[in-house]
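Here's the structure we're looking at; comments come further down.
Values quoted throughout were computed directly from the atomic coordinates according to the rules given, and no laboratory measurement underlies them. Here the structure is a predicted model, which means the values were calculated and not measured. As a convention, Cβ positions derive from the backbone with ideal geometry for all residues, glycine included, and neighbour counts pool all protein chains shown.
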Amino acid sequence: MSDRIVRWEMMTPAELDEAIEHLPLAIVPAGSLEWHGPHMTTGSDFIRGDVTCTAVAERLGGGVVLPATWVAAPGFCNWRGTISFTPALVRQVALELYRELEKCGFRWIFVHLAHAGQMQREAWEGAAREHAGHGCAKIRVKHGPDGPFEADLGGGHAGPNEAADLMASRPGTVHLDRYDPEDTLLPKYPGCDPWLYSRGLSDEARKSVFRFMAREHYEWDADLATKVTPEAAQALLDELCDKLADELRAWMAETEAG
């Protein structure tokens with residue numbers, strides 16, 4: 001691990017310039033504020049993304065990690081505890097962020113989609129393609145490293161993997177004693193308009209927004225509370241960060257050579 005400061009908000013301007021000179025890689029944790037069941041905090045995605053990106057930069061011995069963003073495209077827009085933004089807005093935020101990072105001298109930008117899904121990908125990847133038309137920085141947008149994982153616990157949204165990742169990232173944010181696999185009814189806000197949240201999306205992604213918002217129940221992994229242990233959680237986070245660091249090294253070397 002490196003002893004270098006890697007977090008932007010902890011640097012003075014001179015330290016930021018030195019960090020960019022050392023390794024001009026910006027790392028962006030893209031999270032959300034979102035329902036993650038009764039057992040996980042709503043900030044799960046940006047908490048996990050923040051810790052993961054910091055650990056990856058430490059493994060790389062450099063790079064600059066931005067504060068995690070929770071301005072996210074939908075999503076489970078009407079599930080309680082969730083704040084969603086239209087994809088057009090998220091894309092504009094991403095596009096302007098890419099511009100500003102290149103202004104600061106970054107040659108590589110990695111966006112870690114801790115909050116993923118097709119809607120989020122379309123926003124951040126669409127902005128990356130647009131920036132490529134006039135900018136020079138190389139941009140990589142990805143949810144996580146390629147599998148398989150030895151420490152994989154399985155599960156989708158708010159499932160064992162995400163719960164374990166969050167547990168290792170910030171102890172005290174996972175409440176296994178509140179987990180009930182029989183409680184499948186989704187708590188929702190009434191009156192939310194899926195047309196509003198799906199503006200600017202592809203037809204396929206728009207259908208996903210409508211499907212998510214119409215959903216009434218969520219099926220749980222019956223074994224989550226026994227799978228997610230501190231030891232399993234740390235093993236998963238370590239493997240995730242190791243793989244992401246290796247992938248970023250290879251990507252930067254490839255773009256440098258090309």
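Computed over the chain, the per-residue total of -39500 (n - 2.57) for DSSP H runs of n ≥ 4 gives a 222 nm mean residue ellipticity of -14500 deg cm²/dmol, rounded to 500.
Each peptide in 86-99, 129-142 was scored by the mean count of other Cβ atoms within 10 Å over its residues; highest first, the order is 86-99, 129-142.
Between the beta carbons of Tyr218 and Ala14, assuming R0 = 51 Å, the FRET efficiency works out to 0.55 to the nearest 0.05. A Förster radius of 35 Å, combined with the Cβ-Cβ distance separating Thr41 from Thr255, puts the computed FRET efficiency at roughly 0.45. Reported to the nearest whole Å, the Cα centre-to-centre distance from the range 109-188 to the range 212-234 is 14.
For Val111, the residues whose modelled amide H falls within less than 5 Å of its own, excluding neighbours fewer than 5 places apart on the same chain, are Val28, Arg140, Val141, Lys142. Quick check on the range 97-207: take the gyration tensor over C-alpha atoms, sort the square-rooted eigenvalues as a ≥ b ≥ c, and tell me if it's rounded (a/c under 1.5), prolate or oblate. It comes out oblate by the Cα gyration axes. Karplus-based coupling profile of the range 161-172, in residue order and whole Hz: 4, 5, 5, 5, 4, 5, 4, 6, 6, 8, x, x, with θ = phi - 60° in 6.51 cos²θ - 1.76 cosθ + 1.60 and x standing for Gly or Pro. The C-alpha atoms of the chain define a longest principal axis, and helix 13-22 lies at about 80 degrees to it. Taking Lys and Arg as +1 and Asp and Glu as -1, the other residues whose beta-carbon sits under 14 Å from that of Gly105 total -2. Residues whose amide H falls under 5 Å from that of Leu153, counting only those 5 or more places apart or on a different chain, are Asn161, with hydrogens built in the peptide plane. Seen against the Cα atoms of the chain and their longest principal axis, helix 118-132 is set at about 20 degrees.
Between amide H atoms placed 1.01 Å from N, distances below 5 Å from Arg7 occur with Val65, all of them 5 or more places distant or on a separate chain.
Across the range 147-258, Cα-Cα pairs farther apart than 21 Å form 57% of the total.
Coupling constants for the range 210-224 follow from the phi torsions by the Karplus curve (6.51 cos²θ - 1.76 cosθ + 1.60, θ = phi - 60°), and in residue order they are 4, 5, 4, 6, 7, 5, 10, 10, 10, 8, 10, 7, 5, 9, 4 Hz; glycine and proline get x. If you fit an axis through the alpha-carbon atoms of helix 230-257 and take the longest principal axis of the Cα set of the chain, what angle between them do you get, 0 to 90°, nearest 10? Helix 230-257 sits at roughly 40 degrees to that axis. Summing +1 for each Lys or Arg and -1 for each Asp or Glu among the other residues whose beta-carbon sits under 11 angstrom from that of Ala225 gives -2. Among DSSP beta bridges lying fully in the chain, give the percent that are antiparallel, nearest 5. The answer is about 20 percent antiparallel. Size descriptors for the range 36-121, from the alpha-carbon set: Rg then Dmax equal 14.1, 43 Å. Computed extension length for Ala132-Lys243: 37.4 nm, one decimal, from 0.36 nm per residue of separation with the Cα-Cα distance subtracted.
Given the alternatives (1) 19.4, 62; (2) 17.5, 55; (3) 18.4, 54, Rg and Dmax of the Cα atoms in Å as computed for this entry is given by (3).
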